[in-house]
Each structure stands twice: as structure tokens, then as C-alpha cells.
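Student: Next up is a structure, given as C-alpha cells.
Just so it is clear, none of the values below were taken in a lab; they were calculated from the coordinates. Here the structure is a predicted model, which is why all the values come from computation and not from measurement. Counting neighbours? That spans all protein chains shown, and the Cβs are built from the backbone with ideal geometry, glycine included.
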Amino acid sequence: MSSDLDTDIASVHALFQSYDGMEGLTSVTIASPVQTHLTGWRSFFFRIYPGLLVAATIALAATWLSQQYRSPVMLFALLFGMTFHFLYEEGRCVAGIEYSSKAVLRVGVALLGARITASQILELGVMPIATVVVGIVSTIVLGAFAAQRLGLSRSFGVLSGGAVSICGASAALAIASVLPRTRESERDTILTVVTVTVLSTIAMIVYPLFVMAIGLDYVHAGIFLGGTIHDVAQVVGAGYSISSLTGDVATYVKLLRVTMLLPVVFSIAFVVSRGAKGGQKGWKASLPLFLVGFAVLVALNSLGLLPKAASDAASDGSRWCLVTAIAALGMKTSFKDLVAVGWRPVALMVLETSWIAAVTIVAVMFA
């Protein structure tokens with residue numbers, strides 16, 4: 001359960017050894033395997049709770065401000081988290097911040113599956129499904145190709161392309177969890193989330209005006225909005241600002257894009273793992289457990305085995321987990337690191353956003 005901590009923060013493990021003393025605890029002689037297990041869990045909790053508590057508090061504050069000012073909660077959580085970056089530099093919060101940015105994140109992504117059913121997707125027909133699949137695949141490929149031309153890593157192109165084409169910040173967090181870890185990984189994830197959130201907010205304002213200006217009917221306008229705007233909340237806002245029918249269609253199309261998160265993340269994990277193994281004979285790709293949870297919840301919800309109360313609770317839990325995780329990611333990144341990146345990543349994501357909009361509008365008008 002703590003493998004991610006051991007992987008990414010080895011440099012601060014010496015700090016963890018002093019936690020029991022800082023809590024006023026004394027070493028205890030263990031008398032049985034049960035006591036060993038309980039003590040291990042208690043020790044783990046004491047390691048993570050300071051950072052986890054800070055991340056959850058930031059998530060709570062960001063949610064309140066988002067509701068008051070009707071602004072993206074992810075953006076608030078990121079910016080607030082970045083102001084507390086000093087907590088990640090050293091001290092007791094490091095382990096909990098790491099845990100929040102990874103384990104809590106994966107739980108949040110898994111719970112997204114409770115929002116989706118197969119019937120919602122099948123009701124859309126063939127054209128929206130084909131449009132979404134082509135848009136997602138082509139945007140990710142474009143991102144990987146264009147990133148290298150701009151002097152960026154291919155991983156960043158895949159990360160940004162997936163975030164733009166699937167479901168914004170949630171997709172960025174899910175894809176980042178299976179990409180290779182580098183020194184720039186956390187910075188790239190934060191940059192992607194910030195940029196995709198800003199672009200999605202702009203699209204929420206501009207795209208409804210665009211579809212009305214070119215005369216799209218309510219159904220086709222919904223397909224365009226649901227197939228292009230990055231975040232679910234912005235899709236809902238844009239769609240229902242035109243009409244209830246447009247909002248319904250836009251939401252369903254957006255859920256179709258969210259459904260694609262499972263095959264896309266698994267495909268990326270497969271390719272990354274195969275590259276890491278050198279394609280050696282006898283190797284098998286491992287399926288991340290959070291993706292299994294995602295698929296199970298989609299299946300249960302599609303079969304009607306998930307009560308509405310449970311589905312609503314899972315959806316709320318997913319939102320809280322993702323906001324907490326993004327607050328932790330914010331604490332792991334400094335403003336100076338983001339400024340040093342330059343204009344190229346932003347230009348890449350603007351290109352990807354323009355591309356998926358072009359693909360979708362062509363499909364809507366001519367398919």
C-alpha cells in the first residue's frame with residue numbers, strides 16, 4: 001500500500017523514522033501477528049494523516065469557493081495547493097501529500113465508473129460514437145507527434161492529448177498515474193490540468209455562441225459541445241445554456257468520452273509496461289486495479305445492480321477524491337517550475353483543442 005511512497009520520496013524516508021517520537025509514542029514489543037498488523041496500520045496512518053488532512057482541507061475550501069463563485073473547483077484546488085508548496089519541501093506532510101496525489105487519486109478515478117451506463121452510450125447511435133473514437137485517438141496521436149516537434153517529451157503529448165480529448169483534469173490525473181515517472185512528471189501533470197481547465201472554461205463560454213451562429217440544431221449542437229469541451233461540468237453548463245435537449249445530448253456524448261478513459265489508460269499502461277520490459281518473451285501486461293474498479297462499477301451500473309443512492313454516493317466520493325488529489329498535486333508543484341516551462345506546452349494544448357473541435361464539427365455537419 002505504501003509502494004508509491006517508497007518509490008517517489010526515498011530522499012525523505014529519514015524523516016519518517018522520527019514520526020513516532022514526534023507523536024510522543026514509544027516503541028512497543030510486538031507479541032503476535034495480529035498486533036503487528038494493527039501496529040503497521042497505525043504507523044502508516046500516523047505517517048500520512050498530516051498531509052492527507054491538509055489536502056482534504058484545501059479541497060473543502062476550493063469546493064466552497066467554487067460553489068460561491070461558480071468557477072472550476074479543480075482550478076481553485078490547484079492554486080490553493082500551490083500556495084502550500086512549502087509543506088512538501090520537508091516535514092511531516094510529505095508522506096500524506098504523496099498518498100493523496102496517488103492512492104486517493106486512483107480511488108477517485110475508479111469511482112467515476114458509477115456515473116456511466118452502457119444504455120446511455122448506445123442511445124446516441126453510431127455517428128457520435130465514431131466521432132468520439134476518431135477524435136480521441138487522433139488527438140492523442142497528434143499530441144505525441146507535435147510534442148516532439150516542439151521540443152517536448154512524447155509523454156507530455158500523450159498526457160495533454162488524453163486530457164483534451166477525454167475528460168480534462170480527471171483524464172490527466174488517470175493517464176499520469178500510468179506514464180513513466182520522471183523529474184518533470186508532477187510539473188507536467190499540474191501544467192496540463194491548469195491549461196485544460198482554463199481552455200475548458202473558455203470553450204464553455206465561446207462554443208455555445210459558435211454553434212448558434214452557424215445554425216446547428218439542438219441535437220447536433222449537443223454532440224459538438226459534448227464532443228469538444230474538456231470537463232464534464234463545463235459541458236453541462238454550455239449545453240443547458242442553450243436548451244434542456246442540448247444539455248441532455250451534450251451530457252451523454254461527454255459520458256461516452258469518459259467511458260473511453262478505461263481503454264485509453266489501459267492501452268497507455270500496456271505500451272509503457274511493454275517498453276519498460278523491452279518486449280521480452282513471456283511478459284504479460286498488468287491491469288491497474290483502479291481501472292478494474294472503474295470497469296466493475298460501469299458494469300454494475302449498466303446492469304441496474306447499483307442502487308441510485310450508491311451511484312450518487314460514488315459520484316460524490318469520486319469528486320471529493322479527485323479534488324483532494326489535485327490539491328496534493330498543487331502542493332507538489334511551485335509557481336517557479338511552471339513559469340520555467342515556457343509557451344510550448346500551452347501552444348500544444350491549444351493545437352489539440354482546435355484539432356478535436358475541427359474533427360467534431362466536420363463530423364456533425366457532413367457525416
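Student: If packing is taken as the mean number of other Cβ atoms within 10 Å per residue, what is the order of 223-230, 203-210, highest first?
Tutor: Descending mean neighbour count gives 223-230, 203-210.
Student: Please report Rg over Rh for the range 68-112, where both radii come from the alpha carbon positions and Rh follows the Kirkwood definition.
Tutor: On the way: Rg = 12.7 Å, Rh = 12.1 Å.
Radius of gyration over Kirkwood radius for the range 68-112 works out to 1.05.
Student: Report the full-extension gain for the segment residue 182 to residue 53: residue separation times 0.36 nm, less the Cα-Cα distance, to one decimal in nm.
Tutor: My answer for the length gained is 43.8 nm.
Student: Quote to one decimal, in nm, the extra length available between residue 308 and residue 271 on full extension: 0.36 nm per residue of separation minus the C-alpha distance between them. Don't skip to the end; give the middle numbers.
Tutor: Numbers: separation 37, 0.36 × 37 = 13.32 nm, distance 3.64 nm.
Full extension of this stretch gives 9.7 nm more.
Student: Just check the range 37-169 against the gyration tensor rule for me: Cα atoms, a ≥ b ≥ c as the square roots of the eigenvalues, rounded for a/c under 1.5, and otherwise prolate or oblate depending on whether a/b exceeds b/c.
Tutor: In terms of gyration-tensor shape, prolate.
Student: Residue 195: net charge of surrounding residues, Cβ under 11 Å, Lys/Arg +1, Asp/Glu -1, itself excluded? Let's see the in-between values first.
Tutor: Values: positive: none; negative: 188, 352.
After counting each charged neighbour, the total is -2.
Student: I would also like to ask the following. Hey, rough spin-label estimate for residue 154 and residue 209, points 7 angstrom out along Cα→Cβ, what's it come to in nanometres?
Tutor: 4.0 nm
Student: Run the simple label-point estimate for residue 123 and residue 347 please: 7 Å along Cα→C-beta, distance reported in nm.
Tutor: Label-label distance for residue 123 and residue 347, simple model: 4.4 nm.
Student: Once fully extended, how much extra length lies between residue 295 and residue 141, figured as 0.36 nm per residue of separation less the alpha-carbon to alpha-carbon distance?
Tutor: Answer, rounded to one decimal: 53.0 nm.
Student: Go ahead and run the numbers for FRET between residue 133 and residue 69, Cβ-Cβ distance against an R0 of 45 Å, rounding to 0.05.
Tutor: Rounded to the nearest 0.05, the efficiency is 0.80.
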